[in-house]
Amino acid sequence: PFVLRPVSLSTELTIAAEPPAENPNNQAAEQIVLKQIQLSAEQQKQEVTKGKYEGGLKVWECSKDLLKLMPYLEGVDWTKSSVLDLGCGHGLPGIAALQRGARVCFQDLNRDVLTDITSSNIVLNCCHDAAAHSHTEQSASDSSGRSCGDNVTQRVSLVCSTWADMLTLPPLQQQQFNVILSAESIYREEYYGDLKRVLLQCLAPGGKAYFAAKRYYFGLGGGTTVFANYINEDPECVGVLGVRVYRVFEDARSNTREVLEVVRL
């Protein structure tokens with residue numbers, strides 16, 4: 001369960017959202033400002049260990065790419081959306097959806113990441129200073145005087161599991177989501193079978209999943225190109241899932257990054 005806890009040190013992340021190239025409504029670029037817990041020196045030094053810790057303590061650049069697009073995702077009504085933040089880590093895309101009124105399930109491999117990082121970031125961004133606001137019967141509060149009103153605590157769930165095992169957990173056995181958000185999760189090709197099963201079971205008819213990642217992860221075998229080909233060619237996905245490159249990010253300083261859109265047909 002999501003538990004409120006005191007959060008003392010934090011930093012602020014500001015992202016300039018990017019309207020689509022074709023912008024018939026002349027939507028203004030939105031500034032997305034999110035707070036994130038300040039990591040300890042030990043947490044900052046933790047290295048990725050395959051199958052045990054996959055980098056949830058770090059805010060990866062593709063998470064920021066996903067945030068840039070969220071205000072303009074086509075056909076998404078966040079107030080009516082059930083969202084899965086897959087491999088959430090800091091959970092910033094899921095938190096942005098939560099702020100817009102969605103119900104959000106945050107999934108990560110590591111319990112410590114969910115309890116110490118994801119939950120703290122939810123408190124920092126979605127809970128207010130209780131001293132400045134009146135409480136409602138549905139508000140929850142922690143010992144630091146922060147409270148979560150507007151049913152925030154009732155719109156959050158946390159799942160600690162591998163992708164292979166998460167589908168057997170009671171909260172997810174029957175639940176489907178109309179939006180799945182995931183950043184830097186498709187870097188190992190060997191995990192694609194598990195991700196495919198998550199999409200086939202958890203993505204609702206007409207739902208959309210957005211994977212923000214690098215085009216290639218050299219030495220690891222994955223990337224947006226390889227994953228898109230896998231979805232297009234896998235017999236279980238043909239006629240069920242459609243995939244396209246939704247946006248490309250190139251800054252001439254790093255590997256090309258892309259956001260894939262996977263649609264449940």
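The values are calculated or read from the model by the stated rules, or taken from the named source; none is laboratory data. Since we're looking at a predicted model, the values are computed, not measured. Please note: Cβ atoms are built from the backbone with ideal geometry, for glycine as well, and neighbour counts cover all protein chains shown. Accessible surface is based on the protein model in full, side chains and every heavy atom, while ligands, DNA and RNA are left aside. Shrake-Rupley method; radii C 1.70, N 1.55, O 1.52, S 1.80 Å.
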Compare Asp112, Asp65, Asp165 in a GNM of the chain, Cα atoms joined below 10 Å, and give the one with the largest fluctuation.
Asp165
What FRET efficiency, computed as 1/(1 + (r/R0)^6) with R0 = 35 Å and r the Cβ-Cβ distance, is obtained for Val33 and Leu169, rounded to the nearest 0.05?
0.55
Leaving out ligands and nucleic acids, note down the accessible area per residue over segment 11-134 with a 1.4 angstrom probe, in whole Å².
47
Which residue, Ala212, Ala252, Ala183, has the most motion in a Gaussian network model of the chain that connects Cα atoms within less than 10 Å?
Ala252
Lys pairs in the chain with Cα under 21 Å (8 or more apart in sequence, or on separate chains) total 19
Post the alpha-carbon centroid distance, segment 199-265 to segment 43-65, in whole angstrom.
20
Could you check the simple spin-label distance between Gln43 and Glu236, using points 7 Å along Cα→Cβ, in nm with one decimal?
3.5
Accessible surface ranking that places the most exposed of Glu30, Glu22, Glu190 first, with a 1.4 angstrom probe:
Glu22, Glu190, Glu30
Would you mind telling me the share, in percent, of accessible area of the chain contributed by carbon and sulfur at probe 1.4 angstrom?
47
Quick check: pseudo-label points 7 Å beyond the Cα along Cα→Cβ at Arg100 and Arg244, how many nm apart are they?
1.8
Short version: ³J(HN,Hα) in whole Hz for each residue of segment 235-246, in order, from phi by Karplus 6.51 cos²θ - 1.76 cosθ + 1.60 (θ = phi - 60°), x for Gly and Pro, what are they?
x, 6, 8, 4, x, 10, 10, x, 9, 8, 7, 8
Residues whose built amide H sits under 5 Å from the amide H of Lys35, excluding neighbours closer than 5 in sequence, are Leu13
Extended-chain gain in nm, criterion 0.36 nm per residue less alpha-carbon gap, Glu12 and Tyr216:
70.5 nm
So how far apart, in nm, are the two label points at Asp194 and Lys52 if each is 7 Å from Cα heading toward Cβ?
1.6
Under the rule of at least 5 residues apart or a separate chain, name every residue whose amide H is placed under 5 Å from the amide H of Leu84.
Cys105, Val179, Ile180, Leu181
Relative contact order [Cα under 8 Å, 6+ residues apart], segment 49-106, whole percent:
36
³J(HN,Hα) computed for each position of segment 61-78 - Karplus, 6.51 cos²θ - 1.76 cosθ + 1.60, integer Hz, glycine/proline x:
4, 6, 4, 5, 4, 5, 4, 4, 9, 4, x, 10, 4, 5, x, 9, 9, 4
For segment 148-265, accessible area per residue (1.4 Å probe, heavy atoms of protein chains only), Å²
44
Taking amide H positions as placed 1.01 Å from N in the peptide plane, with prolines and chain starts having none, which residues 5 or more places from Tyr246, or on another chain, fall under 5 Å of its amide H?
Val259, Leu260, Glu261
